[in-house]
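Participant: Once you've had a glance at the structure underneath, I'll fire off some questions.
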Amino acid sequence: MDVFSVHHGKARNSVSPGDGLLVKYPRLPPIVPVDELTDRVDPPSYRSLFEIATNNNSRSPIYQESPPSFWERQGCLCEKNKCIKNLKSALLFVTGLVYTLQGFINIDNCPLESSLPKVIGIEGVSLFVYMIIQTILHSLSSNTRPTVRRSEEDIYSKQQTYFMFTIFFAIYVVYLYLLWIIGCSLVFELPEDSIDRSRKLAGIALNESWYCDATFYDSAYYSRIVQTVIMVLIGLIILYYWMSVNPSENQKFLKNKWKAWFEILDHDKDGVITEHDMMKTNEKLESIRIYLRQRHSPIDPRKAQLWWFSYIFRKGTNGISFEQFANSHDDFNSTYANSFEFESYIRRCITDFFDFFSTHEQGRNHIMEDEKFVNFWHIIAGIPENQSRDHLVHFPKLLTTGDLMYAWIGFLKESSRFPGKFYQSQAVYKLLKPDK
């Protein structure tokens, strides 16, 4: 194995490895003190990592990406379908323009019901404002990859802005429905005899007063009927989506996240976690411990076995499939996924997992430099270097091991598919399952 030495200096905000350390390269090096080189043999974990590669040809079909469902392809209101999205935008624009002109131009054509043109005009302007808010919200929740890494404060600031706009958007939609109801009540409750009188006189008799001009009324009446059909249809779609589709899609999304976690623990990728996978994964964790130098004592075999039996082998050790693993978590249904029991389980599981290679006192505060970040993911999950580097932008600058641990907890806990909620719930998943 070819080696060459690199002497490291001290890094800011991290525990210094000391001067004069020899680092052995190939790709993922152990950091070995010089005085230990003569009588120290690399642990078996390094031989398994660098000389015994996992056979990717035997990768189980369960880890293959399932085709997206209809709702994943279309979105909640078909916002992912470009044709329907453009048609919806054009319809909103035309409706807003017609209502604005119809309302404010005919402001004097309803002597006894002057509020009707005003309401219609306000509704038209409100539709334009709706389009602006929707555009802003889409830009905030865009999946476009950032070009630079941001500070954690900047990330949380954007998340808070997104959250506030989401709340405002929901309130604004309710406001639009209230305007629609008010408009319907004004149009449909006008006396027919007044409209007939307006239609006969055609506005010629100056001494006659009617509720509303017949031409304007007919336009408002029939457009209101069409709008009512569309609004009711959209309302039913929204109710169906949030009450029926969204919970099942969130459950599927959470299962895919846990399948990615299951695959990390399944060393040979055969779809079943066995004691052999446990042994190989423990070797990886020991390699990470030596490489990161954030925990001095080796992994305690008894604690490692306790972790596996407490969190993974809850259905036996003869080989646990993902179906059995999911069933032990109630198949990640919404009731269980939102329970305190589930959140507590994840926090204990991942905290104990990170305890294998870092410590509460020091390791959690270590800055994980870019190179360590890349090598960490290569060891634990076999992620290619270019993929890890590409997804560094989803994580904050000055990322610590503790930050990564909380990101991992959020990755397994958060079932919401909508971006912008927390970077922790999306960043790890994007790295493990990048968009094709």
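Read-outs: derived from the displayed coordinates by stated rules, not from any lab. Predicted model, so just to flag it, every value in this text is computed and none were measured. When we count neighbours, we look across all protein chains shown, and the Cβ atoms used for this are built from the backbone with ideal geometry, even at glycine.
Participant: Provide the per-residue ³J(HN,Hα) series for the stretch 106-113, in order, calculated from phi with Karplus coefficients 6.51, -1.76, 1.60 and θ = phi - 60°, each as a whole number of Hz, with x at glycine and proline positions.
Facilitator: After applying 6.51 cos²θ - 1.76 cosθ + 1.60, I find 9, 4, 9, 8, 10, x, 9, 9 Hz.
Participant: Work out how far the C-alpha atoms of the stretch 284-421 reach from end to end along every principal axis, then list the three figures in whole Å, largest first.
Facilitator: Principal-axis extents of the stretch 284-421 (Cα, largest first): 40, 38, 29 Å.
Participant: Give the Debye-formula value of log10 I(q)/I(0) at each listed q (0.15, 0.16 Å⁻¹), with one equal scatterer per alpha carbon of the stretch 78-249, two decimals each.
Facilitator: Log10 of I(q)/I(0), two decimals: -0.93, -1.01.
Participant: Could you give me the ³J(HN,Hα) list for the stretch 259-273, computed from phi with Karplus coefficients 6.51, -1.76, 1.60 and θ = phi - 60°, whole Hz, x at Gly and Pro?
Facilitator: Result, ordered by residue: 5, 5, 5, 4, 5, 4, 7, 8, 4, 8, 6, 8, x, 9, 8 Hz.
Participant: So, one more: Can you give the extra length, in nm with one decimal, that the chain gains between Cys83 and Glu192 once fully stretched, where that is 0.36 nm per residue apart less the Cα-Cα distance?
Facilitator: Length gained, Cys83 through Glu192: 35.2 nm.
Participant: Provide the FRET efficiency to the nearest 0.05 for the Leu112-Arg199 pair, computing r from the beta carbons and using R0 = 22 Å.
Facilitator: Details: r = 15 Å, r/R0 = 0.70.
So, using R0 = 22 Å, E works out to roughly 0.90.
Participant: Counting Lys +1, Arg +1, Asp -1, Glu -1, what net charge surrounds Glu153 among other residues with beta carbon under 15 Å of its beta carbon?
Facilitator: Its environment carries a net charge of +1.
Participant: In whole percent, what relative contact order does the stretch 78-249 give with Cα contacts below 8 Å and a gap of six or more residues?
Facilitator: Value for the stretch 78-249: 22 percent.
Participant: If you don't mind, another one. If Lys and Arg each add +1 and Asp and Glu each add -1, what is the summed charge of the other residues whose beta carbon sits under 12 Å from the beta carbon of Phe356?
Facilitator: -1
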